[in-house]
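Reviewing the structure listed below.
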Amino acid sequence: MDVKMEPGWKALLADQFNQPYFQDLVAFLRHEYQTQRIYPPGSRMFAAFDHCPLAQTRVVILGQDPYHGPGQANGLAFSVNDGVRVPPSLNNIFKEVLADVGTPRPASGNLERWAAQGVLLLNNVLTVRDGQAGSHAGKGWEKFTDAVIGKLAAEREHLVFILWGSPAQKKAVVVDPARHLVLRSVHPSPLSAERGFFGNHHFSQANAYLRAHGQPEITW
């Protein structure tokens, strides 16, 4: 099965694309895109990988599923395109960045600038129906993103895995904490941010770990 994806990631994940679960997922998605309004656009499904090549990946931020409102999801977790109103979860992320490392709130919610520095902005589930949060859960994406995290963690050393929300935190089982930094908290959604997202200091902790292992900090 030919999947369009950044070459490094495509090679790493090649054994997934012909597995029955992935073929079932593709068939499901083909029907969904033909019959429903699905986000992000099909051409942006693997944008997280395309904007953060495997060889440059240093940090993984894992969310849940894409924004389900019109014009929001752009294929990078928590990110929206330039000119799109910043969603509440991303607004809370920017608040924590300011409080933690002092970076002022940016004018745009487009996080491609993070991806360009080696931050993989990955969701647990990569697609969603319009207005129906979680509608593509349990269709195979979770197994695929398990493979992404597991293979990345096995191949590399001294990465930072930032896991926000219960579905993301479950991925920690495939990461060796002796080889990588694993940071967990509740999701930045307004429903949960006050219960441990604010004040988690994940951005400064990530930079301290990168610095300690001879890597440049992320400009959050």
Exactly one of 32, 6 is under 30 Å from residue 213 (Cα atoms) and of a type outside the set (Ser, Thr, Tyr), and that residue is 6
Across (1) closer than 18 Å to residue 204 by Cα; (2) part of a helix (DSSP H, G or I), residue 89 clears everything bar (1)
Residue hits (region 52-71; open to solvent by 40 Å² or more (accessible area, probe 1.4 Å) and polar (S, T, N, Q)) are 56, 64
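Give the residues of region 35-52 that are farther than 14 Å from residue 10 by Cα and of a type in the set (D, E, K, R), sorted by residue number. Step through it out loud before you land on a result.
Filtering region 35-52 for residues farther than 14 Å from residue 10 by Cα gives 35-44.
Selection gives 37, 44.
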Would you confirm whether any residue within region 30-37 is within 24 Å of residue 184 (Cβ to Cβ) and outside any helix (DSSP H, G or I)?
no
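Which is buried (at least 22 other Cβ atoms within 10 Å of the Cβ) and either basic (Lys, Arg) or part of a loop (DSSP other than H, G, I, E, B) (or both), of 81, 74, 110? Break it down stepwise before answering.
Details: 81 fails: buried (at least 22 other Cβ atoms within 10 Å of the Cβ); 110 fails: buried (at least 22 other Cβ atoms within 10 Å of the Cβ).
Step by step, each of 81, 74, 110 is checked, and only 74 is buried (at least 22 other Cβ atoms within 10 Å of the Cβ) and either basic (Lys, Arg) or part of a loop (DSSP other than H, G, I, E, B) (or both).
Being more than 20 Å from residue 150 (Cα to Cα) and either open to solvent by less than 20 Å² (accessible area, probe 1.4 Å) or part of a helix (DSSP H, G or I) (or both): is that true of residue 95 here?
Working: more than 20 Å from residue 150 (Cα to Cα): yes; either open to solvent by less than 20 Å² (accessible area, probe 1.4 Å) or part of a helix (DSSP H, G or I) (or both): yes.
The answer is yes for residue 95.
The values are calculated or read from the model by the stated rules, or taken from the named source; none is laboratory data. Every value quoted in this text rests on a predicted model; they were computed, and no experiment measured them. Cβ sites come from the backbone with ideal geometry, for glycine too, and all protein chains shown count toward neighbours. Note: accessible area is taken over every heavy atom of the protein model, side chains too, but ligands, DNA and RNA are not part of it. Shrake-Rupley method; radii C 1.70, N 1.55, O 1.52, S 1.80 Å.
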